[in-house]
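The values are calculated or read from the model by the stated rules, or taken from the named source; none is laboratory data. Keep in mind that this is a model prediction, so the values were computed, not measured. A quick note on method: Cβ atoms are made from the backbone with ideal geometry, for glycine too, and the neighbour counts reach across all protein chains shown.
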C-alpha cells in the first residue's frame, strides 16, 4: 500500500512527459518533415494528425484520472501507516508470563521473519523509493495473510497478552477500567478478544475473504481502474519512437481507418518501417542542427512562419 503513491506519481509524470513529447513531435513534423510546397502526403499528414490527437487525449487522460488516483494513493498511504504501527507494536507485545503475542512463544518476532520491519525492535522499514510496475501486490499481500491457517492463532496462555484482549481481568489492555468494547488494530486488521486466546477469527483476513470487501477497500477497489487509466496508449509509444534513439529495425505502423477522426483516414494507412526510419533521421538531424539552448524552439517558430507565408 505504501508503494501506490510512488506508482501514481511515476505514471502521472510519464503521461505528462508524453503529452509534451507528442506536442514536440507534431511541431517538428509540421515544420521540418512535411513538404514546404503545400503538398500533402497521406502518410505524413496522418502521422501529424495522429500526434495531435494523441497529445490532446493524453492531456485529457491526466485530467480525468489524476484526482481519483491521488485520492486513492493517499488512502493507501493512510492504511499503510496504520498497519505499520500495528506490526511495530505487536512485534514487542507480550503477556505477564513473558510470552510474545506475535510468536506465541518466549521470543519476539524478528526482522528476518517480518519484512516490513527493519530491526528486532519493530522499527518500520524506509519507504521504497522505487515505483512498482503494477498494483497487484496490494491484493496479493492481503490474500497471503488470509492463506495462513495456523500462524494467526495463539496458544491458550496468550489470553493475557495485553494488547490482544480488551477484558477487565487478567492481562487485558485496560484491566482496571472495565473495557468491554473491542479494540480494532491496524484499521481493523486485528480485533481484540475478550479474556481469551487469539484465534484466526480475530483477523479480518479470516472473516472477510476479499480485500475489496474489507476496511481497506478504498485503497484496493480503485487500483485496477487506476492502472488502466494511467497506462499510455500503445499508439503513443510507437509514435514517440520517432523522437527516440535509433532502432535496429523499424516495424510498420498501421493506422486503422477512422482512428484519427470520424471519417479519417478513410481506409487503413500503413507507414512502412523504412519511411519511419527516414522520418526519424530527419527529426534527429533537425534536433542536432538546433541543439543549442532555445535554438530548437526558434527554428520551429521560424519554420512555422515560413509555412504560413507559403500557404
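A few notes on this one:
- Residue 137 vs. criteria surrounded by fewer than 19 Cβ atoms within 10 Å (Cβ to Cβ) and either in contact with a strand residue (DSSP E or B) (Cβ under 9 Å, 6 or more places away or on another chain) or over 25 Å from residue 8 (Cβ atoms) (or both): no
- Residues of segment 132-150 that are closer than 25 Å to residue 197 by Cα, in a helix (DSSP H, G or I) and in contact with a helix residue (DSSP H, G or I) (Cβ under 8 Å, 6 or more places away or on another chain): 142, 143, 145, 146.
- Selection of helices (runs of 4 or more DSSP H) fully inside segment 204-268 by the criterion of at least 3 residues being farther than 23 Å from residue 19 by Cα and in contact (Cβ under 8 Å) with a residue 12 or more places away in the chain returns 204-207, 217-220.
- For residue 158, the conditions (1) buried (at least 16 other Cβ atoms within 10 Å of the Cβ); (2) at pLDDT below 80; (3) touching a strand residue (DSSP E or B) at 6+ places or on another chain (Cβ under 8 Å) all hold with the exception of (3).
- When 239, 230, 234, 253 are screened for being under 16 Å from residue 47 (Cα atoms), crowded, with 19+ Cβ neighbours inside 10 Å and within 24 Å of the chain's Cα centre (by Cα), only 239 passes.
- Only listed residue being touching a strand residue (DSSP E or B) at 6+ places or on another chain (Cβ under 6 Å), modelled with pLDDT under 90 and part of a loop (DSSP other than H, G, I, E, B), chosen from 111, 39: 111
- Residues of segment 47-79 classified as in contact with a helix residue (DSSP H, G or I) (Cβ under 8 Å, 6 or more places away or on another chain) and within 30 Å of residue 218 (Cα to Cα), total: 17
- Positions within segment 185-202 being in contact with a helix residue (DSSP H, G or I) (Cβ under 7 Å, 6 or more places away or on another chain), buried (at least 16 other Cβ atoms within 10 Å of the Cβ) and not in a loop (DSSP other than H, G, I, E, B), in sequence order: 185, 190, 191, 193, 200
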